1. Kindly indicate which of Val112, Val89 is among the aliphatic types (A, V, I, L, M) and outside any strand (DSSP E or B).
2. Every residue in region 60-78 that is surrounded by 11 or more Cβ atoms within 10 Å (Cβ to Cβ) and out of contact with any Ser or Thr (no Cβ under 9 Å at 6 or more places or on another chain), please.
3. In region 51-84, what count of residues is obtained for those that are of a type in the set (D, E, K, R), assigned to a loop (DSSP other than H, G, I, E, B), farther than 21 Å from Arg35 by Cα and modelled with pLDDT of 90 or more?
4. Restricting attention to region 92-109, which residues are on the phi < 0 side of the Ramachandran plot and in a loop (DSSP other than H, G, I, E, B)?
5. Is it fair to say Trp60 is of a type outside the set (A, V, I, L, M), within 21 Å of Trp31 (Cβ to Cβ) and free of Cβ contacts under 8 Å to residues at least 12 places away in the same chain?
Amino acid sequence: MSAARLASCLLALALCVVEPATVVTAGPPDWARFRGPNGSGLSTATKVPTDFGPDRHLLWKRPLPQGHSSPILQGDRIYLTALRDDTLVAIAIDRSTGKVVWERGAPKVKTVGEC
């Protein structure tokens, strides 16, 4: 096999391996930090409702414990922290159904001056 033919075959093989890895499906945008992807509070999402409320444009509702964190939207999950019975908890919620996937309590730690 000639060097040119071998190079063509290797290039074709490399494209077959790399191309599927670069395909990204369109889904809801991730919101991985406070105020969104670049910290501006702006989203590139389209076709979102401009008006919403307790009974308008909702997919689901879920009671949650009190918390002051910014929710993280990553893939098909929503992650947030809250306070349940004096324990800081992290909660993962299914983005499409609103069901709690898991909830984990943070370990208790002693602070300086605490006995």
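The values are calculated or read from the model by the stated rules, or taken from the named source; none is laboratory data. Not measured: the values here are computed from a predicted model. Ideal geometry is used to build each Cβ from the backbone, glycine not excepted, and the neighbour counts take in all protein chains shown.
1. From the options Val112, Val89, the qualifying one is Val112.
2. Residues of region 60-78 surrounded by 11 or more Cβ atoms within 10 Å (Cβ to Cβ): 60, 62, 64-65, 67, 69-74, 76-78.
Once the filter is applied, which keeps residues that are surrounded by 11 or more Cβ atoms within 10 Å (Cβ to Cβ) and out of contact with any Ser or Thr (no Cβ under 9 Å at 6 or more places or on another chain), region 60-78 yields Arg62, Leu64, Pro65, Ser70, Pro71, Ile72, Leu73, Gln74, Arg77, Ile78.
3. Residues flagged as of a type in the set (D, E, K, R), assigned to a loop (DSSP other than H, G, I, E, B), farther than 21 Å from Arg35 by Cα and modelled with pLDDT of 90 or more within region 51-84 amount to 1.
4. Passing the criteria: Arg95, Ser96, Thr97, Lys99, Ala106, Pro107, Lys108, Val109.
5. no
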